[in-house]
1. Taking only region 242-267 into account, find how many residues are surrounded by fewer than 13 Cβ atoms within 10 Å (Cβ to Cβ) and modelled with pLDDT of 90 or more.
2. Counting only residues that are of a type in the set (Gly, Ala, Ser), assigned to a helix (DSSP H, G or I) and free of Cβ contacts under 8 Å to residues at least 24 places away in the same chain, which one in region 107-161 is least open to solvent (accessible area, probe 1.4 Å)?
3. Hey, among the residues in region 293-311 that are part of a helix (DSSP H, G or I) and among the charged types (D, E, K, R), which one's farthest from residue 270 (Cα to Cα)?
4. Could you check how many residues of region 183-192 are surrounded by 13 or more Cβ atoms within 10 Å (Cβ to Cβ) and outside any loop (DSSP other than H, G, I, E, B)?
5. Return yes or no: is residue 226 under 20 Å from residue 81 (Cβ atoms), at pLDDT below 95 and either in contact with a Lys or Arg (Cβ under 9 Å, 6 or more places away or on another chain) or crowded, with 21+ Cβ neighbours inside 10 Å (or both)?
6. Mind listing whichever residues of region 296-310 are farther than 12 Å from residue 194 by Cα and within 18 Å of the chain's Cα centre (by Cα)?
7. Using the structure shown, decide if residue 239 is within 28 Å of residue 181 (Cα to Cα) and either open to solvent by 70 Å² or more (accessible area, probe 1.4 Å) or modelled with pLDDT under 90 (or both).
8. Residue under question is residue 195, and the condition is that it be closer than 30 Å to residue 116 by Cα and either hydrophobic (A, V, I, L, M, F, W, C) or open to solvent by 20 Å² or more (accessible area, probe 1.4 Å) (or both); does it hold?
Amino acid sequence: MAMEVQPIDIGIDVGKNELTLARSDLEGIRSIDNTPSAISAWLRSLPGPARLAVEATGIFHVELIERAHRAGHTVYVIDGYRLNRYREGIGGRAKTDPGDARLLLRYLQREANDLRPWSPPPKGYRALQQLLLRRARLVQAKTRLDQSLRGLPQLGPSRRSLIRHLDQLDQILIRRMRKVLLGQQWKEHARRLQAVEGIGEITAAALVMAFHRGRFTGADAFIAFLGLDVRVRESGSYRGRRKLTKKGAPELRRLLYMAAMAARRSSTWEGFYRRHRDRGLSRIQSLVALARKLARIAFALLKNGSEYQPRIRQEGCIAT
């Protein structure tokens, strides 16, 4: 009978220029350059199947996990917030690259049964994600520049010219988003979402992108993916303050929050927002509740391939 080969467990701390490695089959810490050639050479050097735990770090971990997945290794992408809480839970005090690599290795070895392996997203997901993130930075920069330069009247013509140029860049990014939606045959999906009060073109594209990231078991899983689910802290008679988990992409939550701000002024959602305010919720909490409701509707429309019916939805809100 052939002996079962045990996979090597590896914790990898990701930096912009370097990957720090802690392996279950070797003593000490090693590091390699965070470049495609160095990553490929290292993956080829592994003696057998491996399980990799990698902390999500914006874009710097993407090359590693994609190449590792193609090479047949099992990859787990660990949320940074979860890893920090794990460090606190075991009494960790220092945060260093070698320490994080060891922590990821320990987390993988003890929690692997409860982790979901990473799988590549659809091609359109990655393209839309990059466009949305770049547009978010562009809009943020435009707002800051406009506010800062307004205090210098002598720069008025230059400021207006700069803002017009940034607006042109914004339109270029939006056109590229439309092209991705069309190429992935997601344009019709986005169109249906835009019928929902408050959901505009950019938010619709972001929701379609999120929906196609994976096979969600239901609306609750979709809400959790967006980071709009609530963390509950209760023990005995203690009732802690409930907060959003805020996992997933912050830009998606920001877009949905802005959508809720627009939707609350509509006749369809004004009552929903007002009832939450009357219950004692703050303005922000009420808008978050509305953002979560919009996300649930978007999921239902995309899941069922149905058209939005505002009157039916408005009547249903009375009981919620």
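1. Going through region 242-267 one residue at a time, the tally reaches 2.
2. 156
3. Restricting attention to region 293-311, the residues satisfying the condition of being part of a helix (DSSP H, G or I) are 293-304, 310-311.
Within this subset, residues satisfying the condition of being among the charged types (D, E, K, R) are 293, 296, 303, 311.
Working: 293: 13, 296: 17, 303: 26, 311: 13 Å.
Looking at residues that are part of a helix (DSSP H, G or I) and among the charged types (D, E, K, R), I get 303.
4. 5
5. Criteria met by residue 226.
6. 296, 299
7. Values: within 28 Å of residue 181 (Cα to Cα): no; either open to solvent by 70 Å² or more (accessible area, probe 1.4 Å) or modelled with pLDDT under 90 (or both): yes.
Judged against the criteria, residue 239 is not a match.
8. No: the conditions fail for residue 195.
The values are calculated or read from the model by the stated rules, or taken from the named source; none is laboratory data. Because the structure is predicted, anything quoted here is derived from the model rather than measured. Cβ sites come from the backbone with ideal geometry, for glycine too, and all protein chains shown count toward neighbours. We work out accessible area using only protein heavy atoms, side chains counted, and drop any ligands, DNA or RNA first. Shrake-Rupley method; radii C 1.70, N 1.55, O 1.52, S 1.80 Å.
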